[in-house]
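Nothing in this text is a laboratory measurement; each read-out follows from the coordinates by a stated rule. The model shown is predicted, which means the values in this text are computed figures rather than measured ones. FYI the Cβ positions are ideal-geometry reconstructions off the backbone, even for glycines, and counts take in every protein chain you see.
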Amino acid sequence: MHRSSQFLRQCHLTQIANRVTKPCDVFINHRGIDTKRTVATLLYDHLSRLKLHPFLDNKNMKPGDKLFDNINGAIRKCKVGVTVFSPRYCESYFCLHELALIMESRKKVIPIFCDIKPSQLRVVNNGKCPMEDIRRFNWAIEEAKYTVGLTFDSLKGNWSDVVTSASDIVIKTLLEIESEKQMQRRKGTPILHV
């Protein structure tokens, strides 16, 4: 094998190992059809440039990956969840499942209400979803509605401003979580989350 081939193979294996073993700092929960090309990807790119480890499905997964295994694992290992609510968010089983898991895992959540007001968020029971899931989703939506977040109107606002604000909040939250963990370590108190 040529040295260049060996080098490329080693680099590829290192990238795979880093992707598998490195937990994400921030899980970005969003409705792709509404926000993937705007706030979700812009936030992912900005956090990555800041040397954080965000998780965004189309950036962190590849063909052949198990959807629920990868997403559920990333949520359980993340420190912070950023939820980008949009007009069609509540139509997606995956969005609601991710939100419920973030809330059940007691992660710190930073909501971004993009072109929607918190009061407009409602789970629609179309009869296709088990009642237990509907209950979980309703509970998670109610929790998120009453969490202070950012509001953004894409017709009047500046994408850069909302991404910068969200990034600043994420960094502040991560610093608070780390500080809390250090205090708990000093006291010998068990760490409850993250």
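Provide the net charge surrounding N125, with neighbours chosen by a C-beta distance below 11 Å and charges set as Lys +1, Arg +1, Asp -1, Glu -1.
Taking every Cβ under 11 Å from that of N125, the sum is +2.
For S154, S167, S86, what's the fewest-to-most ordering of other Cβ within 10 Å of each Cβ?
Ordered by Cβ neighbours within 10 Å, fewest first: S154, S167, S86.
Does anyone have the angle between helix 93-104 and the longest principal axis of the chain? Alpha-carbon axes, 0 to 90°, nearest 10?
80
To test your reading of the geometry: what angle, between 0 and 90 degrees and rounded to tens, separates the Cα axis of helix 131-145 from the longest principal axis of the chain?
In the chain, helix 131-145 runs at an angle near 90 degrees to the longest axis.
For the chain, what is the charge dipole size about the Cα centre, in debye to the nearest 20, if Lys and Arg each add +1 at the Cβ and Asp and Glu each add -1 at the Cβ?
Around 660 debye, computed over the chain.
If Lys and Arg each add +1 and Asp and Glu each add -1, what is the summed charge of the other residues whose beta carbon sits under 12 Å from the beta carbon of K172?
Net local charge, K172 excluded: -2.
Between K51, K128, K117, find the one with the highest GNM mean-square fluctuation for the chain; connect C-alpha pairs within less than 10 Å.
Answer for the Gaussian network model of the chain: K128.
Tilt of helix 3-21 relative to the longest C-alpha principal axis of the chain, in degrees (0 to 90, nearest 10)?
The answer is roughly 30 degrees.
From Cα pairs below 8 angstrom and at least 6 apart in sequence, can you work out the relative contact order of the chain, rounded to a whole percent?
Value for the chain: 22 percent.
Can you check what the net charge comes to around C95, using other residues whose Cβ is under 12 Å from the Cβ of C95 (Lys, Arg +1; Asp, Glu -1)?
Result for the neighbourhood of C95: -1.
For a quick check: sort I75, I134 by the number of other beta carbons within 10 angstrom, fewest at the front.
I134, I75
So for L42, L96, L175, fewest C-beta neighbours within 10 Å to most, what's the order?
With the fewest neighbours first, L42, L96, L175 line up as L175, L42, L96.
Stretched out fully, how many nm does the piece from S165 to K181 gain, at 0.36 nm a residue minus the Cα gap?
Difference between extended and current length: 3.3 nm.
For the range 21-77, give the magnitude of the charge dipole about the Cα centre (Cβ charges: +1 Lys/Arg, -1 Asp/Glu; no others), in debye to the nearest 20.
In debye, rounded to 20, the range 21-77 gives about 100.
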